[in-house]
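Remarks on the structure that follows.
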Amino acid sequence: MDKFFIIGNKNLNGKVFISGSKNAALPILFMSILTKETIKIKNVPNLTDINIALKLLKYLGATIKNEKILFINSDSINNFSPPLYLIKKIRASIWLLAPLLARFGKAKIFFPGGCKIGKRPIDLHINNLIKLGAKIHVKNNCINASIKGRFKGKYILMKKISVGATITIIAAATLAEGTTIIENAAKEPEIVDIANFLNKLGAKIIGAGSNKIFIKGVLKLRGGRHRIIPDRIETGTFLVAAAASKGNITCYNTEPKHLQSVLIKLIEAGAKIRTGKDWIQLDMKKRPNSVNLCTAPYPGFPTDMQAQFALLNTISKGIGSITDNIFENRFHYVSELINMGAKIKIQKNTIMCYGIPILSSANVVCMDLRASATLVLAGCISTGTTIVNNIQHLIRGYESFHIKLNRLGADIKII
Ligand code: EPZ
């Protein structure tokens, strides 16, 4: 498996152009199943997770043309049971279920894969599809689902805020008979992007981005075009790269309002932040101050940024605590940072970081997507040369990450 060879002690400065959002693009690709007509999507990031999603669609029979712009036509789908080896690679596979049921009335989907950051159950997806009229039984981690006719719109109170399950319900409700109301819905910008995309195809969705979403079912959707929103987590990751390396970085093609909670914490850490319509500049002249944070559903602090802030805290002045209230097992990277000299204690779903002036290089191993990015940044700012192993986790969710970092002054080679 590929690994990175990283020469440390770098200040990262300059411009970085942010790619399209992985977590908006993945569900939107699968939503294409809801229409017989062609859709045209721009700003789709070039990631292994995206390539797996396209392989799944092709396996089902969809036609795909993927040059600079992505064209998908799902009219020719004639298979409803994608193979385990593809399904298991990404969490997003679960978003095949609702569209296949809504368009074709049947689906046989194995439990999805994805980062090992907790149990990651799918009960909220399944129970709510049953509520909307699907017949589902699960055997040997395989979901056998069918529905006679259309989903029936319902009032749904989410017992827990879930991005994935909110998306599944939107997909089922779009072509349902009657209106569906989702109470306690997730409010992430990716949900708003999905609703905007489906409304361009003729769906009737209002309230996305709030905790109450109304979806008036329609008989069918037309084709259309859409540009994926910028990736707010990639943006946050580069801003932490600037803050941790006492650098000055401007992120272009991004959306400042999608990561307010992250910007607030970066300012608290001592960074100077300037923003414009589609850019954010971070300048950090001195060693950061430690910050305390708790992850929460949007617009709270994103769980996908907690590992990056743990790195920032390890080289900051003082003691910083980070609590992850979303996933119960998302601290795998802590042992790797401790190998690099970090002083971190884990107490249940909280870590305490005791800041030291600089990390030392080590041979570290990636276990999940955001942890991988964090270890690469750690290698860029530590003394000596760091080897980062298992970088296949990284390329799932960051487009040309080491190339973008090298353009900012890093020295990263693939070996
Ligand atoms: C999405 O995961 C994102 N993944 C995650 O990003 C992100 O961290 C997460 O939302 C934030 O909530 C994609 O978009 C592909 P959830 P998802 O359903 O949908 C529990 C990254 O690094 N839950 O919002 O799986 C769950 O265990 C990835 O890009 C249930 O109990 O997350 C968790 O505790 C990592 N039952 C909480 O809800 C369910 O049926 C929030 O999960 C579903 C979820």
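No value in this document is a laboratory result; all are computed from the given coordinates. Computed from a predicted structure; not experimentally measured. Virtual Cβ from ideal backbone geometry, glycine too; neighbours counted across all protein chains shown.
Brief remarks on what is shown
- Under the simplified labelling scheme, the T385-Q260 pair shows an inter-label distance of 4.7 nm, with each label point 7 Å from Cα along Cα→Cβ.
- Local electrostatic count, I233, Cβ distance below 9 Å [Lys/Arg +1, Asp/Glu -1]: 0
- Kirkwood Rh, angstrom, segment 43-93 [1 / mean 1/r, Cα pairs]: 11.4 Å
- Distance between modelled label sites at N9 and I403, nm, 7 Å Cα→Cβ extension: 2.9 nm
- With all pairs of separate Cα atoms included, segment 304-383 yields a Kirkwood hydrodynamic radius of 12.2 Å.
- K42-F214 pseudo-label distance in nm [points 7 Å out on the Cα-to-Cβ vector]: 3.2 nm
- Under 5 Å between amide hydrogens, built in the peptide plane, is the criterion, and for I143 it picks out I109, F110, F111 among residues at least 5 positions away or on other chains.
- Residue-span extension gain [N253 to D75] - 0.36 nm each, minus C-alpha spacing: 60.8 nm
- Helical content of the chain, expressed as a calculated mean residue ellipticity at 222 nm, amounts to -9000 deg cm²/dmol (DSSP H runs of 4 or more residues, -39,500 (n - 2.57) each, divided by residue number, nearest 500).
- Debye log10 I(q)/I(0) for the chain, one point scatterer per Cα, at q = 0.08, 0.11, 0.14 Å⁻¹: -0.43, -0.80, -1.21
- Taking one quarter of the surface of the C-alpha convex hull of segment 225-278 gives a mean projected area of 3.8 nm².
- Amide H within-cut-off set for L221, under 5 Å, with H built and near neighbours excluded: K36
- Extension gain, N66 to K343, is 95.1 nm, computed as 0.36 nm per intervening residue step minus the present C-alpha separation.
- Residue by residue, segment 180-195 carries 3J(HN,Hα) couplings of 10, 10, 9, 9, 6, 6, 5, 10, 4, x, 5, 5, 4, 5, 5, 5 Hz when phi is fed to the Karplus relation 6.51 cos²θ - 1.76 cosθ + 1.60 (θ = phi - 60°); x denotes Gly or Pro.
- For the chain, the longest principal axis of the alpha carbon atoms and the long axis of helix 163-174 meet at an angle near 20°.
- In segment 273-415, taking the dipole from charged Cβ atoms about the Cα centre, the farthest positive-side position among L359, S335, T295 is held by L359.
- Under the criterion of Cα pairs below 8 Å and six or more residues apart, the relative contact order for segment 20-101 equals 36 percent.
- Our analysis of segment 212-371 gives Rg over Rh at 1.05, with the two radii drawn from alpha carbon positions and Rh computed by the Kirkwood formula.
- Cα centroid of segment 72-95 to Cα centroid of segment 349-386, whole Å: 35 Å
- Most simply put, segment 104-194 has about 70% antiparallel DSSP beta bridges, counting only bridges with both residues inside it.
- Calculated on C-alpha atoms, the gyration radius of segment 1-87 divided by its Kirkwood radius gives an Rg/Rh of 1.12.
- Computed P(r) (all Cα pairs; segment 93-233; 10 Å bins; percent): 12, 43, 37, 8
- Per-residue 3J(HN,Hα) values for segment 293-310, derived from phi via the Karplus relation 6.51 cos²θ - 1.76 cosθ + 1.60 with θ = phi - 60°, read 8, 10, 6, 7, x, 3, x, x, 5, x, 4, 6, 10, 6, 5, 4, 6, 5 Hz in sequence order (x marks Gly and Pro).
- Bridge type composition, the chain - antiparallel percent by DSSP, nearest 5: 70 percent
- Each 10 Å bin from zero holds the following percent of Cα-Cα pairs in segment 150-300: 11, 33, 26, 18, 10, 2.
- The trypsin sites (Lys or Arg not before Pro) of segment 42-142 meeting both criteria, a DSSP state outside H, G, I, E and B (loop) and at most 15 other C-beta atoms within 10 angstrom of the site's C-beta, are K68, K88, K116, K119.
- For the chain: relative contact order, % (alpha-carbon pairs under 8 angstrom, 6 or more apart): 21 percent
- For segment 371-387, the Karplus equation 6.51 cos²θ - 1.76 cosθ + 1.60, evaluated at θ = phi - 60°, returns couplings of 5, 4, 4, 4, 5, 5, 5, 4, x, 5, 9, 8, 6, x, 10, 10, 9 Hz by residue, with Gly and Pro reported as x.
- Along the axis of the charge dipole computed for segment 12-164 (Cβ charges of +1 for Lys and Arg, -1 for Asp and Glu, origin at the Cα centre), the listed residues N51, S81, M158 are led at the positive end by M158.
- Relative intensity of segment 189-265 on a log10 scale, I(q)/I(0) at q = 0.15, 0.28 Å⁻¹, equals -0.65, -1.29, per a Debye sum over C-alpha point scatterers of equal strength in the absence of solvent.
- With the convex hull drawn over the C-alpha atoms of segment 110-173, the volume per residue is 93 Å³.
- Count Lys and Arg as plus one, Asp and Glu as minus one, and take only other residues whose Cβ is under 12 Å from that of T374; the net charge is then -1.
- Here the Debye sum runs over all C-alpha atoms of segment 282-349 as equal scatterers in vacuum, and log10 of I(q)/I(0) at q = 0.20, 0.22 Å⁻¹ comes out as -0.84, -0.99.
- Figure legend: label point modelled 7 angstrom from the Cα of Y354 along Cα→Cβ; residues of segment 297-329 with amide N under 15 Å from it are 314-321.
- Amide H within-cut-off set for E177, under 5 Å, with H built and near neighbours excluded: F151, K152, G153
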